Amino acid sequence: MTSPPNHPISYLDHAATTPIDPAVLQAMLPYLSKQYGNPSSIYQLGRAARQAIEDSRESIASSIGCRPTEVVFTGSGTEADNLAIKGMAWARSERGKHIITSSIEHHAVLHACQSLKKRGFEVTYLPVDQYGMVDVASVHAAIRRDTILISVMHANNEIGTLQPIEEIGAIAREHDVPFHTDAVQTFGQIPTKVNDMGCSLMSLSAHKIYGPKGVGALYVRRGCRLSPLLDGGGQEKNRRSGTENVAGIVGFGTAATLACERMNANEAQRILLLRTKLAQGLEANIPDLRLNGHPEKRLPNNLNYSVRFLEGEAMLLGLDLRGICASSGSACTSGSLEPSHVLAATRVSREWARGTVRFSLGKDNTEADIASVVEVFPPIISELRSLQTRGRKRDDREIVAW
Ligand SMILES: *Cc1c(COP(=O)(O)O)cnc(C)c1O
């Protein structure tokens with residue numbers, strides 16, 4: 001390994017989390033020290049904290065094109081998803097108990113739906129094609145009289161596939177059904193204007209855009225009523241009780257503003273060029289490699305590959321030894337022996353699905369990071385394959401580890 005000291009790693013796992021931007025940290029620091037007021041207090045110290053929260057709310061609102069009053073701060077992207085799904089389900093259960101979602105959602109959405117299912121709701125899981133794309137006609141066909149919510153993510157966190165959100169939003173509006181989208185992976189990377197997307201609810205998370213962990217937001221369109229998950233002091237206009245995470249919210253607002261500046265400076269194009277180099281380098285040097293997800297309609301920073309007959313974990317450990325952070329797809333499922341629900345839904349066969357590696361690029365990645373992956377990954381794979389072949393000679397049984 002020839003990485004320079006103090007920067008020993010090539011970090012290519014931005015879909016799992018991102019490093020805090022130094023400017024974000026600077027903006028947060030006063031609210032972790034001298035500006036400790038409770039934003040609900042009426043004296044100056046409290047009012048300063050309130051003002052900081054409202055400034056952040058405006059930054060988030062302007063980056064998604066909504067009114068500040070339509071932004072509810074939460075404790076995570078997961079909480080935003082839960083508030084959207086359960087909050088709408090409980091508020092609308094008199095009208096109906098049917099929810100439509102896709103089979104490749106983040107677990108925050110899928111498990112919230114499962115929990116509602118145990119409480120008498122019905123859930124339709126839309127299938128996806130081989131690229132992980134929802135068929136718009138299937139949304140139309142799934143809508144019933146008692147459908148109270150449609151939830152389809154903007155981009156998938158594992159395979160990066162972008163959904164036809166505008167079209168789904170139009171169908172939802174036509175049938176007067178509220179539409180939620182989990183935009184945690186796209187926010188700050190590609191445009192996510194709520195009116196273009198036609199959604200009534202949208203989930204965001206700070207730590208995927210160089211903000212702090214433990215803060216998220218839910219956009220709730222004016223007039224859209226939901227039941228709170230938490231009861232208490234009535235903060236966030238009764239939609240999310242609990243003293244606000246002032247420093248976290250300030251960090252989130254700053255991170256959103258910086259992300260918009262990067263978008264305007266065409267950062268996505270720079271990332272796309274790096275990704276193309278990485279893809280070309282790997283595809284030219286690794287046999288039995290396949291790209292998961294859609295070849296074009298995908299997040300600009302995402303590459304998800306399967307290597308046939310190999311184990312994702314073994315490849316990731318090999319990369320880690322050489323200072324490269326990547327992931328097997330979802331941070332939440334790594335360590336589990338089941339192939340991811342996303343790859344299963346795209347009907348990738350087991351011989352491919354187990355050997356999955358996701359590279360997700362970010363703002364600090366350079367040509368050097370890409371060169372380093374292209375240099376070290378192909379030999380890791382050859383080494384694993386030769387171990388496998390030797391194992392087979394020694395022992396005639398199939399030794400592929402599953
Ligand atoms: C990371 C992620 C979440 C969860 O956000 P947290 O803030 O980590 O709880 C939800 N949905 C998607 C698509 C994500 O990538």
Relative contact order of region 197-282: what whole-number percent is it, with Cα pairs under 8 angstrom and at least 6 residues apart? 24 percent
Among Ser205, Asn195, Ala170 the positive-end extreme of the charge dipole of region 132-213 (Cβ point charges): Ser205
Under a 5 Å amide H to amide H cut-off, with H placed in plane at 1.01 Å, what residues pair with Gly214 once short-range neighbours are removed? His207
For the chain, alpha-carbon Rg and Dmax in angstrom: 22.2, 77
Residue order, fewest to most surrounding Cβ atoms within 10 angstrom, among Met263, Met202, Met197, Met153: Met263, Met197, Met153, Met202
For the chain, find the longest principal axis of its Cα atoms and tell me its angle to the long axis of helix 367-394, 0 to 90°, nearest 10. 50 degrees
So which trypsin sites (Lys or Arg not before Pro) in region 226-308 are both in a DSSP loop and have at most 10 other Cβ atoms within 10 Å of their Cβ? Lys237
Size of electric dipole in the chain: Cβ of Lys, Arg +1 and of Asp, Glu -1, about Cα centre, debye, nearest 20: 700 debye
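Averaging sequence separations of C-alpha pairs under 8 Å and six or more residues apart, then dividing by the length of the chain, give the relative contact order as a whole percent.
22 percent
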By counting other Cβ atoms within 10 Å of each Cβ, how are Glu338, Glu167, Glu267 ranked from fewest to most? Glu338, Glu167, Glu267
Relative contact order for region 48-181: what percent, with Cα pairs under 8 Å and sequence separation of 6 or more? 22 percent
Rounded to the nearest 500 deg cm²/dmol, what is the calculated helix-only ellipticity per residue at 222 nm for the chain, with -39500 (n - 2.57) per DSSP H run of length n ≥ 4? -12500 deg cm²/dmol
With unit charges on the beta carbons (Lys and Arg positive, Asp and Glu negative) and the dipole taken about the Cα centre of region 22-263, which residue among Ser241, Leu29, Ala217 sits farthest to the positive side? Ser241
Run the simple label-point estimate for Ala170 and Leu321 please: 7 Å along Cα→C-beta, distance reported in nm. 5.3 nm
Could you identify which residue out of Glu94, Glu313, Glu375 has the top mean-square fluctuation in a GNM of the chain using Cα springs shorter than 10 Å? Glu94
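Values in this text are rule-based calculations from the coordinates and carry no lab data. Here the structure is a predicted model, which is why all the values come from computation and not from measurement. Note that we place each Cβ from the backbone using ideal geometry, even for glycine, and neighbour counts take in every protein chain shown.
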